[in-house]
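> Quick one: the structure is below, and I'll ask about it shortly.
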Amino acid sequence: IVTASGVDADDAVMEIGPGLGSLTLGLLEVARHVTAIEIESALAQRLPRTVAERLPGAADRFRVIEADALSVDALGDPQPTRVVANLPYNVSVPVLLHVLARFPSLTAGLVMVQAEVADRLVAPPGSRTYGVPSAKIAWHASARRVGSVPPKVFWPIPNVDSGLVELVRREPPATTAGREEVFAVVDAAFSQRRKMLRSALSARFGSSAAAEEVLEAAGVDPQARGEVLGIEEFARIAEAAAQRLR
């Protein structure tokens, strides 16, 4: 994971859910600094001792934040340049979206998630697994699958396979609409996945007719379904809706 992440001596790494510190130690061998965010108090308190015992020369390049990653909105310097994490499966997507939104200094990352989640994160428009996570991650970064991890390497052994996903930060679509406005359109479009957009977005825009008007203004086929649209199209819809209200 450390090798695949591309972390080097210039990077300040954010690690989420370090657990006993196996990945932490590997990251400290190559990174300039590592900030580990750990929600479990017993683990958070033990980590500095583990680093001091195993890599005593790296203790001053390490800090641990005892917190839920979803509640961490700011960090002191050095600001993180990469996120590398074995993310908890049940909150992997919300955590990833949170840190990408809150820490613009992050330029890239490598995360290990449940294989099914990995497939969703990297899915392109039109594919069977494309959905809300795929579209929202695409606002922040490009994502690609770079490996698989079998259950046997974990303790305790889970009942699922894991996947490695590489993220590379990119500029969001050029739009006057805000991220939350665009994400609200994404949520609405996928809330009724099998419906045409003019129906799926009718509640959001007040009626099917109003939705059709917004979609046409955005240059999107009102009869299309959400799973064929990229994040750029969702941004155009949000922008057209905002202009219609002015």
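> I'm checking my understanding of the structure. Among residues of region 150-200 that are over 29 Å from Arg225 (Cβ atoms) and aromatic (Phe, Trp, Tyr), which one is modelled with the lowest pLDDT?
Per the criteria, the residue is Trp155.
> Provide a single number: the residues in region 16-31 that are outside any helix (DSSP H, G or I), more than 14 Å from Val64 (Cα to Cα) and not aliphatic (A, V, I, L, M). If you could, list the steps in order and put the result at the bottom.
First pass over region 16-31, keeping only residues outside any helix (DSSP H, G or I): 16-21, 29-31.
Narrowing the set further to residues that are more than 14 Å from Val64 (Cα to Cα) leaves 29-31.
Now restrict to residues that are not aliphatic (A, V, I, L, M): 29.
Residues in region 16-31 being outside any helix (DSSP H, G or I), more than 14 Å from Val64 (Cα to Cα) and not aliphatic (A, V, I, L, M): 1 in total.
> In a loop (DSSP other than H, G, I, E, B) and of a type outside the set (Asp, Glu): which single residue out of Val13, Val7, Val34, Val64 fits that description? Quick ask: steps written out before the conclusion?
Values: Val13 fails: in a loop (DSSP other than H, G, I, E, B); Val34 fails: in a loop (DSSP other than H, G, I, E, B); Val64 fails: in a loop (DSSP other than H, G, I, E, B).
Exactly one residue qualifies, and that residue is Val7.
> Evaluate the following for Gly109: is it at pLDDT 95 or above, within 27 Å of Pro151 (Cβ to Cβ), in contact with a strand residue (DSSP E or B) (Cβ under 9 Å, 6 or more places away or on another chain) and crowded, with 23+ Cβ neighbours inside 10 Å? Before the answer, list the steps.
Numbers: at pLDDT 95 or above: yes; within 27 Å of Pro151 (Cβ to Cβ): yes; in contact with a strand residue (DSSP E or B) (Cβ under 9 Å, 6 or more places away or on another chain): yes; crowded, with 23+ Cβ neighbours inside 10 Å: yes.
Criteria met by Gly109.
> Give region 59-105 a look and list any residue that's over 14 Å from the mean Cα position of the chain (by Cα), in contact (Cβ under 8 Å) with a residue 60 or more places away in the chain and closer than 26 Å to Val149 by Cα, or say none.
Pro80, Thr81
> Let me ask something else about it. When region 198-209 is examined, which residues are found to be within 17 Å of Arg244 (Cα to Cα) and either part of a loop (DSSP other than H, G, I, E, B) or touching a residue at least 12 places away in the same chain (Cβ under 8 Å) (or both)?
Filtering region 198-209 down to residues within 17 Å of Arg244 (Cα to Cα) leaves 198, 201-209.
Within region 198-209, Arg198, Leu201, Ala203, Arg204, Phe205, Gly206, Ser207 qualify.
> Filter region 212-228 down to the residues that are of a type in the set (A, V, I, L, M, F, W, C) and touching a Pro at 6+ places or on another chain (Cβ under 6 Å) and list them by number. First the steps, then the outcome.
Just the residues of region 212-228 that are of a type in the set (A, V, I, L, M, F, W, C), to begin with: 214-215, 217-218, 220, 224, 228.
Residues satisfying the conditions are Leu215, Val228.
> Would you be able to say whether some residue in region 136-153 is open to solvent by less than 40 Å² (accessible area, probe 1.4 Å), more than 21 Å from Arg179 (Cβ to Cβ) and in contact (Cβ under 8 Å) with a residue 12 or more places away in the chain? Write out each step before concluding.
Quick first cut of region 136-153, residues open to solvent by less than 40 Å² (accessible area, probe 1.4 Å) only: 136-141, 143, 147, 149, 151.
Imposing the further condition that a residue be more than 21 Å from Arg179 (Cβ to Cβ) reduces the set to 147, 149, 151.
If we keep only those that are in contact (Cβ under 8 Å) with a residue 12 or more places away in the chain as well, we get 147, 149.
Yes; the residues of region 136-153 include at least one that is open to solvent by less than 40 Å² (accessible area, probe 1.4 Å), more than 21 Å from Arg179 (Cβ to Cβ) and in contact (Cβ under 8 Å) with a residue 12 or more places away in the chain.
> I need the full set of residues from region 167-188 which are of a type in the set (D, E, K, R) and part of a loop (DSSP other than H, G, I, E, B), in order please.
Our first condition is that a residue be of a type in the set (D, E, K, R); within region 167-188, this holds for 169-171, 179-181, 187.
Within region 167-188, Arg170, Glu171 qualify.
> Only one of Leu28, Leu75, Leu23 is hydrophobic (A, V, I, L, M, F, W, C), open to solvent by 30 Å² or more (accessible area, probe 1.4 Å) and closer than 20 Å to Val111 by Cβ. Can you tell me which? Quick ask: steps written out before the conclusion?
On the way: Leu28 fails: open to solvent by 30 Å² or more (accessible area, probe 1.4 Å); Leu75 fails: open to solvent by 30 Å² or more (accessible area, probe 1.4 Å).
Just a single option satisfies the conditions, and that option is Leu23.
> Can you tell me which residues in region 82-106 are assigned to a loop (DSSP other than H, G, I, E, B) and either open to solvent by 30 Å² or more (accessible area, probe 1.4 Å) or over 17 Å from Ile65 (Cβ atoms) (or both)? Quick ask: steps written out before the conclusion?
Here is the first cut: in region 82-106, the residues assigned to a loop (DSSP other than H, G, I, E, B) are 87-88, 103-106.
Matches in region 82-106: Pro88, Pro104, Ser105.
The values are calculated or read from the model by the stated rules, or taken from the named source; none is laboratory data. This is a predicted model, so every value here is computed, not measured. Using ideal geometry, Cβ is built from the backbone for each residue, glycine included, and neighbour counts are taken over all protein chains shown. What goes into the accessible areas is simple: the full protein's heavy atoms, side chains included, and nothing from ligands, DNA or RNA. Shrake-Rupley method; radii C 1.70, N 1.55, O 1.52, S 1.80 Å.
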